[in-house]
Each structure stands twice: as C-alpha cells, then as structure tokens.
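What follows is one structure encoded as structure tokens, with my remarks underneath.
No value in this document is a laboratory result; all are computed from the given coordinates. From a predicted model like this one, the values you see are computed outputs, not experimental measurements. Cβ placement follows ideal geometry from the backbone for every residue including glycine, while neighbour counts extend to all protein chains displayed.
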Amino acid sequence: MLLTGTYGVVYKAKDGQTGEIVALKKIRLEAEDEGVPSTAIREISLLKELRDENIVKLLDIVHADQKLYLVFEFLDVDLKRYIETGNQNRNPITPTIVKNLLIDNRDNLKLADFGLARAFGIPMRTYTHEVVTLWYRAPEVLLGSRHYSTAIDMWSVGCIFAEMAMQGAPLFPGDSEIDQIFKIFRILGTPNDEGWPGVSSLPDYKPTFPQWSKQELAKIVPTLDEAGLDMLKRTLTYDSAKRISAKRALQHAYFANYDPNQ
C-alpha cells in the first residue's frame, strides 16, 4: 500500500500482461443504491480530458468484484520525500500539501488526485461545501457559499506560500470549521460588508462573530520581503473578486527575477 485517503486506497501493483509497475487506486464504493462516488466520477472525467506531461496519466479503469480501480502510471517519489532528501536543516514538511505532487525518475513534477477538482466555466455553478483541506479552505467556502470560482485555489496558494516562508508552519491551522474561521479572522481581521461586499449574507456568517483587528502580515511572516508580502496579501484578500488570479500572480514583482527556462 502506498497511501490511504478519504476516498480510496492506493497500491503499488504490477500489470500481469506487460510487467509494467503501476499505481492502483481502489475507490471506496458507496451504498449499493448510491453507486460510484461523485469524486471518482469527477476524477475520471477530468483525467480523460486533461493530457499534460505534468499531470499523472490515467491508464485504465477496472470494475471487478464490486470494486472500482483506477490504474495510473507509477511515479517514483512524492514531493515531500524529494524535498526531505535535500532538506539539510530538517525543517518539517507538511504531508497534506505535497503527498499528491509526484516526481518521476527524470525529475518531472506531476499533479495527482483530482477527486475534488472542478471543470470551471461561465456562468459559475452551485457547488458543494467541503472542497479543500481545512487549513487551506477559502473563507467564502467556510462561510457556506455555494457559488465560488478558481479564486478559492488562489487562497490555498497563499496559505501554502506563507507555510513555505515559515518553514513548514501552517498559517491557519484550524481543527474545526469554526476554529478555522476564527484563526483567519484573528490574523486578517473580522470581515464586514465594507471590505467584503455581501459577506453578511453568506449562510454561515454570524453578526455575533468576535471582532478582531487586522494584524501586520510582516510580523506573522517575517521572512518575506516587500514583494513577497504584497503577493501574499493579494492571495489572502477576503473579496474573491479582488483576489489575485494565477495569471496575474505569475506577472507579480515577486517573480521578476525568476526564469522558468532555468
């Protein structure tokens, strides 16, 4: 067994016909009247559509013995183990961030696990609530919004960016949804309609929330320079309409000296 998660177990296996080593993901099927989980259907449909050298390949789908198996290419190591081999200072690496970032024997990085991914289009559709690991979940999702976009991923990027800058210490390590909300509020301040139009209308917003003042991110994440702090602030903007996009983030001054070809 390679790893286990909420929606399935992944095994290392060998193809009996070709001898190829593969990763076999066994999907936990729901009750007989519910069929294949929506997460598995989403993952299969997206991986069949996506063809990229940096996305793990779905080789086959097998239904046997009332179980569903997804057959993936086998990759040698995940990013956590890869980083730890070169981590001289032995700083902790959070597994939840990097366990689904895999690396092949030519050092190519590949994304895996698309069970909670969405096909994004216009207009936005109504989605479910639990879409991102708690520590990286955007405030609009935590407050019950069912209409969200790729901006929630940029919030997650900001959380991971801060965690990397703090050498593995999570920025908002909540242990429940309400604790997660309050951890965000304690650092970024309790939001209101002036700074985040419509927040008071979200299903799980309460006017009785404690009123915290905004802290200086420079004191929370002191290792970032001015450009890094500006980028972090733009990813952790409450109003998703004003949150920086991935395209604009790549054009930010923080990456001015970065050459993607090196």
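Per-structure values
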{"quantity": "Under 5 Å, built H, 5+ apart or other chain: amide partners of Leu59", "calculated": "Val71, Phe72, Glu73"}
{"quantity": "Within the range 126-212, GluC sites (Glu not before Pro) in DSSP loop having at most 13 other beta-carbon neighbours inside 10 Å", "calculated": "Glu130, Glu194"}
{"quantity": "Rounded if a/c under 1.5, otherwise prolate or oblate - the range 118-255, Cα gyration tensor axes", "calculated": "oblate"}
{"quantity": "Rough spin-label spacing in nm, given labels placed 7 Å along Cα→Cβ, for Asp239 and Asn192", "calculated": "1.5"}
{"quantity": "Over 23 Å (Cα to Cα) - which of Lys26/Lys48; Lys57/Lys233; Lys206/Lys247 fall in this group", "calculated": "Lys57/Lys233; Lys206/Lys247"}
{"quantity": "In Hz, Karplus ³J(HN,Hα) per residue of the range 228-240 (6.51, -1.76, 1.60; θ = phi - 60°; x = Gly, Pro)", "calculated": "x, 5, 5, 5, 4, 4, 6, 7, 9, 7, 4, 6, 5"}
{"quantity": "Label-to-label distance, nm, for residues given as Arg28 and Asp65 (7 Å Cα→Cβ offset)", "calculated": "1.9"}
{"quantity": "Lys, Arg +1 and Asp, Glu -1 on Cβ, resulting dipole of the range 118-255 about Cα centre, debye, nearest 20", "calculated": "300"}
